[in-house]
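A short worksheet on the structure shown next.
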Amino acid sequence: MDLKISPLSVQGETVRKLREAIMTGYFGPGERLVESSLCERLGVSRNSLREAMRVLAAEQLVVLTPNRGPSVAAMDWADAEQLYETRILLESEVAAHAARHATADNLAAMRQALDAFAQAVDNGDRLLRITTTTDFYEALIVASRHRIMGDLIQGLVARINVLRAKSMDNPGRSLQSLSELTAMHEAIARHDEAAARLAARQHVEAARESARVMFDRTRAAAQ
């Protein structure tokens, strides 16, 4: 994986590259992130790297341990399940609000993200599957006109994407997810709040089950 970044917006690019590497499992849970090695691979200064680590720690993707340095945060199933429960509460209501308020431009933005996600699924692009799904949800939040719920979801998105990557590694899950998000988009386009709420809930419940299967496989492989 090429971690080299451009000189533009060094800190932001450093955060993005490291976030993507953690999200896709390039750096695994509990893995130490050695400063000297990362500075060389990223082509950044120690100060830039340390600032990026503080951002990732705030997102709970990295743990900063005194006298040991940063490591990738590990998430157990209990934490993951709570995150899915929170997603169900928030995303189902955001979808319902989107069905109430969405404009043609909002629907077009969601459709564009869905089309990009479909292409990523066809190409088997793990990273693009995650980023395009995130784009869909960002368009959904804008359509909902609910800033507070949107802020809460955005505060969880880094950890959501770690689970999203794990869930979508389950064979067939990406295609199922595409079908579920399409159903959500269609309900919003009809301005059917109840159907949008249900579609969002069913999507997260299916993602939770897929992630649970992958957690079980990881535990079994470690035994």
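Coordinate-derived values only; no laboratory data. Since this is a predicted model, take the numbers as computed values, not measurements. When we count neighbours, we look across all protein chains shown, and the Cβ atoms used for this are built from the backbone with ideal geometry, even at glycine.
In nm, give the distance between the simple-model label positions of residue 79 and residue 176, each being 7 Å from the Cα along the Cα-to-Cβ direction. The modelled label-to-label distance comes out at 2.5 nm. Take the Cα of residue 46, step 7 Å toward its Cβ, do the same at residue 60, and the gap between the two points is 3.1 nm. Please state the shape class of the stretch 124-192: rounded when a/c is under 1.5, otherwise prolate if a/b exceeds b/c and oblate if not, all from the C-alpha gyration tensor. Here the stretch 124-192 falls in the oblate category. Rounded to the nearest 20, the Cβ-based charge dipole of the stretch 113-159 about its Cα centre (Lys and Arg +1, Asp and Glu -1) stands at 220 debye. Can you check what the net charge comes to around residue 88, using other residues whose Cβ is under 12 Å from the Cβ of residue 88 (Lys, Arg +1; Asp, Glu -1)? For residues surrounding residue 88, the net value is -1. Taking label points 7 Å from Cα along the Cα-to-Cβ direction, residue 222 and residue 86 give a separation of 2.1 nm. For the stretch 10-72, the Cβ-based charge dipole about the Cα centre amounts to some 100 debye (Lys, Arg positive; Asp, Glu negative; other atoms uncharged).
Between the helical axis of 173-189 and the longest alpha-carbon principal axis of the chain there is an angle of about 50 degrees.
Considering only 140, 200, 152, the residue lying farthest towards the positive end of the dipole of the chain is 152, judged by Cα position with unit charges set on Cβ. Shape summary of the chain, radius of gyration then Dmax from alpha carbon positions: 18.1, 56 Å. The phi torsions of the stretch 107-117, fed into the Karplus equation with coefficients 6.51, -1.76 and 1.60 and a -60° offset, translate into couplings of 5, 5, 5, 5, 5, 4, 5, 5, 4, 5, 5 Hz, rounded to whole numbers, with Gly and Pro shown as x.
Taking 0.36 nm per residue of separation and subtracting the current Cα-Cα distance, fully stretching the chain between residue 108 and residue 145 would add 11.7 nm. Once you charge only the Cβ atoms, +1 for Lys and Arg and -1 for Asp and Glu, what is the size of the charge dipole of the chain about its Cα centre, to the nearest 20 debye? Using only the charged Cβ atoms, the result is roughly 480 debye. Each stretch of four or more DSSP H residues adds -39500 (n - 2.57); spread over every residue of the chain, this sum gives -25500 deg cm²/dmol at 222 nm.
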